[in-house]
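Each remark here refers to the structure printed beneath this line.
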Amino acid sequence: MRGKTKAQPEFLTTINLNQRVPADHPLRGIKERVDKVLVNLSALFDQLYSQEGRPSIPPEQLLKSRILIALYSVRSERLFCEQLAYNLLWLWFLDRELDDGSFDATVFTHNYERVLSADAAKLFFAEVYDLSRQEGWTSDQHFTADGTLVEAWASLKSFVRKDGKDQAKVASAKDDDPGNPTINFHGEKRCNDTHRSTTDPDSVLYRKANGQASKLCFGTQVLMENRHGLCAAITVHNPIAQDEPTVALAQVDEHRQLHQAQVATLGADKAYHQKKFVTGCRERGVSPHAACKDGLEVAGLDARTTERSGYRTSQRIRKRVEEIFGWMKTVGGMRRTRYRGVDRTQAWAYFVAGAYNLLRITRLGMSLQAG
């Protein structure tokens, strides 16, 4: 017979959040590793907060919230606060009691500014990567460099002349439709030398290849270790002022300094088959494993390198860097940045890359235990 729905009566019950989470859930491994990282960040949190006044949201919960936002593709802080009120899994991950409920969205956003600083985000990312090194998942010798573009949170309508000659045109368009003005730039040549976005002045109008549309964007460079495809470094930059080979070599220098890594090889695609990159690698004692362009010869990269088995291995593994870009742009929400400016976008990139590494090493650990 047909069942009938019954209005749920009020009831009183006791729930153990830890028991509600499956034993094999990936968040268990991520939570365990994040708690280890937070112990090392405790001294930094003490510096960021005053010793007087009312207690604020614990920084540990703020940082864990960023990880959840990246892992579950939450599009805004306000939406996260709304979902946290009824998501038992997230409450458990944040070490909050069921009666504590969610955060106030306004207070949560204001407190976010502390952990969204570039220094705190970079330290978190470095601690996560150090943890992966301690667990033996990373390589200290073989790496891959590649770059992509992240769209800025700005419309092409905001890309106007620096001298102010477009102000009258924009003002008249807003009088007609303040919310979404129609501005006609057809037939006008716009470039970064004469124009700048009023919404996000740090972004630039750029495209990576011919045939692609130019967009307001930031360059994002990733250094990947080759053993298990973890993100070793991530840099948000101006793609015009700093090209990809320059940023890649700077990442190698910084990685050596931070982690005392003996970088031996650096794989890359054909965009890096140029004198600047090859010479820079040779000066650093690194073998440049860049894909070669047909008909182009670059001193320092010839058959003595390209015919070795290590070069072929680097060329096969370097494609894994696209998995990092794919995850960060889809799941991590970095196809288009939600923040304005290079600094805030860089901080968010550190958190997204850190979340990717945490998920990656957790799954590797689960696979090892299952095997």
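Points to keep in mind about this one:
- Once Rg and the Kirkwood radius are both taken over the C-alpha atoms of segment 18-109, their ratio Rg/Rh works out to 0.96.
- Carbon-plus-sulfur accessible fraction, segment 131-271 (probe radius 1.4 Å, protein heavy atoms only): 47%.
- If R0 equals 56 Å, the separation of the Cβ atoms of Thr194 and Met1 corresponds to a calculated FRET efficiency of about 0.15.
- Spatial offset of segment 161-190 relative to segment 134-156 amounts to 36 Å, using the alpha carbon center of each.
- Coarse-grained scattering of segment 144-284 at q = 0.10, 0.12, 0.18, 0.22 Å⁻¹, given as base-10 log I(q)/I(0) from a Debye sum over alpha-carbon atoms: -0.47, -0.61, -1.00, -1.32
- Cut-off 15 Å between beta-carbons: net charge of the residues surrounding Asp243, Lys and Arg +1, Asp and Glu -1: +2
- Rolling a 1.4 Å probe over the protein heavy atoms gives segment 157-213 an accessible area of 69 Å² per residue.
- With contacts taken as Cα pairs under 8 Å at a separation of at least 6 residues, the chain carries a relative contact order of 22 percent.
- The residues of segment 236-371 have, on average, 49 Å² of accessible surface per residue, using a 1.4 Å probe with all protein chains present.
- Residue-wise HN-Hα coupling along segment 201-218, computed from phi with Karplus coefficients 6.51, -1.76, 1.60 (Hz; x: Gly, Pro): x, 6, 6, 10, 7, 7, 9, 7, 8, 5, x, 9, 6, 6, 9, 6, 7, 10
- Carbon plus sulfur fraction of accessible area for segment 291-367, probe 1.4 Å, in percent: 46
- Ordering 309-316, 124-131, 24-31 by mean Cβ neighbour count within 10 Å, with the highest value first, yields 124-131, 24-31, 309-316.
- Cross-link reach is defined here as a Cα-Cα straight distance under 24 Å, omitting same-chain residues fewer than 8 places apart; for Lys169 the lysines meeting it are Lys157, Lys189, Lys215.
- The distance from the alpha carbon centre of segment 232-258 to that of segment 301-338 is 15 Å, rounded to a whole number.
- Computed over the chain, the per-residue total of -39500 (n - 2.57) for DSSP H runs of n ≥ 4 gives a 222 nm mean residue ellipticity of -14000 deg cm²/dmol, rounded to 500.
- Net charge over other residues, Cβ less than 11 angstrom from the Cβ of His273 (K, R count +1; D, E count -1): +1
- In sequence order, segment 277-288 has phi-based couplings of 6, 5, 5, x, 5, 4, 5, 9, x, 10, 7, x Hz under the Karplus curve 6.51 cos²θ - 1.76 cosθ + 1.60, θ = phi - 60°, and Gly or Pro positions carry x.
- Kirkwood Rh in Å, taken over all unlike Cα pairs in the chain: 23.3
The values are calculated or read from the model by the stated rules, or taken from the named source; none is laboratory data. Just so it is clear, the model here is predicted, and its values are computed rather than measured. FYI the Cβ positions are ideal-geometry reconstructions off the backbone, even for glycines, and counts take in every protein chain you see. Just the protein is used for accessible areas: all its heavy atoms, side chains included, with ligands, DNA and RNA removed. Shrake-Rupley method; radii C 1.70, N 1.55, O 1.52, S 1.80 Å.
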